[in-house]
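What follows is a short report on a single structure.
Every read-out reported here was derived from the displayed coordinates using simple, explicitly stated rules and does not represent laboratory data. Keep in mind that this is a model prediction, so the values were computed, not measured. Heads up, the Cβs are rebuilt from the backbone with ideal geometry, glycines too, and the neighbour counts pull from every protein chain shown.
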Amino acid sequence: MIRGAVGNLAGLPCDGARSRGVIAAVAVALLVVAVGCAWVLFAPPQLGGQASYVIVNGNSMEPGMHRGDLAIVRPADRYVPGDVVTYRHPDVGHVIHRIIEEKDGRFILKGDHNDFEDSYRPTANDIVGKLWLHIPGAGSLLWHLRSPLWAGLVLFIAFAGVFAGAGASRAAAPVRPGRQRTNGGAPMTPIYRNWQDTLALLLALAIGFAALAWVAFARPGHREVTAEFSYSQRGQFSYEAAAVDARLYDAGKATTGEPVYLRLSDTVAFTFTYEFISPSPAQLTGTYQLVAELGDISGWKRTIPIGEPGSFAGTAFRTDGILRLADLQEQIATLEVQTGVRNDRYTVTIRPKVQVEGDLSGTPFTADFPEAALPMALDRTQLRLDTAKPDAAIAPAATGTVVNRQRVGNAVRILFVSVPVVAARLVGVAGAAVMVACAGALFIAVARRGWSEASDAHALDAVPVRVTGPVAPSDVPVVDVASMEDLERLAARTGGIILREARPGQHVCYVRDGGVVYRFAFDPGEYGTERAA
C-alpha cells in the first residue's frame, strides 16, 4: 500500500482560501444591506418608498436653490417654521417654499427670494414632505432624461452592461455538473458545504435587523397627528315694522330691506335664525341675545338689549327682539345735550351675540359668530340698511376649522409595510441577536469540523481519488498548474474530481475539465521516497 503525501496535503487548511471566503461572505452581506438601505431611502412612493423628487423650476428659493436643482423630500412627523417643504397647490401643482408661520392648522409659506407670502395656505395633509437632500443641477439632468433620445441612450447602456456582465460571468464560471461525495466518507450537508453563502446570508440578516433597530430607536415612539374638522355657521336676519299708514308699503308694513320711517313706526321686530353645519358629528350648546349697538363716526357706542338672553342645545336656534325707536332717539338726545355734539347720522348694528361650545368629532372647541351683524343707519327721518351688499348682510355666513392634535404610536415604513416603532425595536434587536448567534454557531461548527472539509476549495471534491491507470490520454492537452491549491480550486470551480496517480518516485494529481486535463506533479522531496507495500 502506498502512503501518499497528497492526501495529507489536501487535508491541510488553506488560510488564504479561508480568509477570502470569510471576507467574501461579509462583503456580500454588506452589499445586500447597502442595496436594501438605498432602496428604503430613495425609493419613490409609487414603489413603496417615501422619497419624492422635485425639480426646482424658478428663482423663488434663491440663493439657496436655483432653477434646475433637484430636491428630494420625505414626509416628516411634524412641520415647523423654517422648514423647506413641498406642498400641493390646487391651481399650480407642487410648490417648494419655506414655512414662516403656522396658524389655525394651516401653514403660511414664502419663497426665500420673494417679498410676499403664498396666497394658498396648505394643511399638513397638503404637504408632500420636508427637504431631505438638495443636489444642485441634478434636476436639469433628470429633465433631459424625459426626452426619448436620452432615455433610450440610458436604457441601451444599462442593457449593454447587464448583458456584458452576464456574458463575462458565464465565460469565467463554467456550469458545474454537480458535486460528488467523499471517497469513503459521509456526505456533507449543504449548510457545511456552502458555509460561506450561509454565513453571508446570516450576516446580511443581522445587519438588516440592526439597521431596523437603529432606525426605530432613532425615531420617537410617538408622534403628533393633526386632524382637521371643518364647519360653517349660517344666519338669517329679518325684520318688520307696522306703519300708521299701511298704504305706503306693498305688504302693509315695512319688511326686510325696506326703510322704516320714524313718523310711521314706533318699533321694529327683528328675528335671527342660526344653523351650524359640519360633516363631522357635533355636540353643541350655546348662548345668544339680540342687541342693538348705537354709535357714531367718532367711535362712541351704546349697547341696547332688544331680546331676552337664551341658550340652546343642538345645531340651530331662533331668537326675536323688539327695537323701540323712541329708545334710540332718547339716547341720541341725551348724548347731544351732554356733549354738545350733533350728528346728522348714527349707526345701528343688530347683533345676535352667539357663543358656541361643545365638541366636533370628540374635539372640544368654542366659537362665536362676529360675522352676524346687520348694519343700519339712523338719521332724523328713517332707519335703513347701511351696506353695499344687503344679501350678504341679511344672510351672514362663516367657516371655521377645529384642529385636533393627539399623540399616536409612531411607525417605521419599510417599502409597502408600516411597522410600529415599538415592534420594530423589539424585532430589530431580537432578530440581530438571533442572526449573530446563528452566524457564530455556524462559524464554530465549521471550525470544529475542519476548514478543509467545510470550505469550497477543500470540500468533498478536493479529496483525491487514487487511480492505477493513465489519466491523460496522449491526444488530450495537458496543462500544468503551479500548486496543489490551484488544482483544488479548479476542481471546486468545475465540479471535477481530483485523480491521484501514485508510482514509486512519482506522484501526480489530475483534474479533467472537458477536453483539457490539468496536472500538478509533486516534488519527491516533499514527501520522501514511496515504496510499494
Pull out the extension gain between K301 and S418, defined as 0.36 nm times the separation in residues minus the alpha carbon to alpha carbon distance; nm, one decimal. 36.1 nm
Protection proxy ranking, peptides 74-85, 331-342, 229-240, average beta carbon neighbours within 10 Å, highest first: 229-240, 74-85, 331-342
Classify segment 218-322 as rounded, prolate or oblate from the Cα gyration tensor: take a ≥ b ≥ c as the square roots of its eigenvalues, call it rounded if a/c is under 1.5, otherwise prolate when a/b beats b/c and oblate if not. prolate
Over every pair of different alpha-carbon atoms in segment 227-408, take the mean of 1/r and invert it; report that Kirkwood radius in Å. 17.9
Rounded, prolate or oblate: which fits segment 48-143, taking a ≥ b ≥ c as square roots of the Cα gyration tensor eigenvalues, rounded meaning a/c under 1.5, else prolate when a/b beats b/c? oblate
With just the Cα atoms defining each centre, how far is segment 379-448 from segment 48-108? Give it in Å. 18
Determine which residues of segment 407-429 fall in the zone a paramagnetic label at L41 would reach in this model, i.e. backbone nitrogen under 17 Å from the point 7 Å along Cα→Cβ. 413-415
Using a Cα-Cα cut-off of under 28 Å, which lysines could be cross-linked to K253, ignoring same-chain neighbours fewer than 8 residues away? K353, K389
Beyond 21 Å, what share of the Cα-Cα pairs of segment 305-435 remains, rounded to the nearest whole percent? 66
Surface/4 estimate of mean projected area, convex hull on alpha-carbon atoms of segment 367-414, nm²: 6.6
With the dipole of segment 227-408 defined by +1 on each Lys or Arg Cβ and -1 on each Asp or Glu Cβ, the option from A397, T273, G257 whose Cα lies farthest towards the positive pole is A397
Filtered hits (lysines, Cα-Cα < 25 Å from K130, offset >= 8 within chain) -> K103, K110
Between Q338 and E293, take the C-beta separation as r, use R0 = 30 Å, and let me know the FRET efficiency to the nearest 0.05. 0.95
In a shell of Cβ-Cβ distance under 13 Å around R380, excluding R380 itself, what net charge do Lys and Arg (+1) and Asp and Glu (-1) give? +1
Calculate, for R407 and R318, the FRET efficiency according to 1/(1 + (r/R0)^6) with r their C-beta to C-beta distance and R0 35 Å; round to the nearest 0.05. 0.25
